[in-house]
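The values are calculated or read from the model by the stated rules, or taken from the named source; none is laboratory data. This structure is a prediction, so every number in the text was calculated from the model and none was measured. Note: ideal-geometry Cβ built from the backbone for every residue, glycine included; neighbour counts use all protein chains shown.
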Amino acid sequence: MAPPTVRTSEESANDVQTIVAESAVQQLLDALDDADCRAILDATREEALTANEVSEADDLPLSTTYRKLDLLTEVGLLEERTRIRRSGKHASEYTRLVDDVVISLGPRGETEVRVSRGKAPGQTGSPASILGN
């Protein structure tokens, strides 16, 4: 039986998820290696922002912003929500899901990534949503 690729545990007020699958670790590291992705994660740490708000805050072209938002959502670092407006023109908004990312090397050189998330008000994503696991 293959080892699990994701393990979840409770540590104080944070959900901690351990990612060991090589492809999932690589996707996460690639996203974190991207300066634009890191800027987006920083911009969304306090409040949810729409793509236009992220684009303006980080001085990114809107097309680049959408690509990076898709990548960060796919790897589970951001969550897409719907911002309800009275006008009826609802917009997607994005909120950061992670507080910390810790990278470890095992005794045989295997890479392990631990992702922790605090309990944010109104947060709907689950720790298992990171990288689709």
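List of remarks:
- Some residue of segment 66-74 being under 20 Å from Ser116 (Cβ atoms) and surrounded by fewer than 15 Cβ atoms within 10 Å (Cβ to Cβ): yes
Quick grid of which residues meet (1) surrounded by 13 or more Cβ atoms within 10 Å (Cβ to Cβ); (2) in contact with a Lys or Arg (Cβ under 7 Å, 6 or more places away or on another chain); (3) at pLDDT below 85:
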| site | (1), (2), (3) |
| --- | --- |
| Val102 | no, yes, no |
| Leu105 | no, no, no |
| Glu112 | yes, no, no |
| Ala128 | yes, no, yes |
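- Verdict on Glu80 being under 26 Å from Ala24 (Cβ atoms) and of a type in the set (D, E, K, R): yes
- Selection within segment 98-113 - of a type in the set (A, V, I, L, M) and within 15 Å of Val75 (Cα to Cα): Val98, Val101, Val113
- Cross-chain or 6+ apart pairs with Cβ under 6 Å, segment 57-84 first and free of Cβ contacts under 8 Å to residues at least 12 places away in the same chain and farther than 25 Å from Glu22 by Cβ, then of a type in the set (S, T, N, Q) and outside any loop (DSSP other than H, G, I, E, B): Leu62/Ser55
- Being at pLDDT 95 or above, surrounded by 15 or more Cβ atoms within 10 Å (Cβ to Cβ) and among the acidic types (Asp, Glu) is a property that Glu56 lacks.
- Every test in (1) in contact with a Lys or Arg (Cβ under 6 Å, 6 or more places away or on another chain); (2) closer than 28 Å to Ser104 by Cα; (3) of a type outside the set (Asp, Glu) is passed by Ala91 save one, and that test is (2).
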